[in-house]
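The values are calculated or read from the model by the stated rules, or taken from the named source; none is laboratory data. This one's a predicted model, so the numbers in the text were calculated from it and none came from an experiment. Cβ placement follows ideal geometry from the backbone for every residue including glycine, while neighbour counts extend to all protein chains displayed. All accessible areas refer to the heavy atoms of the entire protein, side chains included, with ligands and DNA or RNA removed. Shrake-Rupley method; radii C 1.70, N 1.55, O 1.52, S 1.80 Å.
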Amino acid sequence: MSIYDKDSTAAAVVLYEHANVYLDPDNDYNTRTDYYYRIKILNKSAFDLANISIDLYKKERIVDLKAVTYNINEDSRIVKNNLMDKDIFTIQNNEN
């Protein structure tokens, strides 16, 4: 897909977004959220939409973070790139 049929001016299309929230028995029954997000970027102006921000409150933490990008190279092959630790940034806005 290089153009979204329903909006030919769209720079990106969210293909899938879903979250599961449940009590995790492996983590003292604390609340766990599994979040899934898939976006198709149609042109370079939408690259910033691939940046995901996760807000945490007080003692919340991220346990297992996985992200993958799929790109098409010059040979029209799909190249899979996993998120690297150096690409994860933590910013503390305040004490909460």
Hey, rough spin-label estimate for Lys44 and Lys59, points 7 angstrom out along Cα→Cβ, what's it come to in nanometres? 4.8
Options (1) 16.9, 49; (2) 34.4, 113; (3) 15.1, 44 - which one matches Rg and Dmax of the Cα atoms in Å as calculated here: (1)
Percent carbon-and-sulfur accessible area, the chain, ignoring ligands, DNA and RNA, probe 1.4 Å: 48
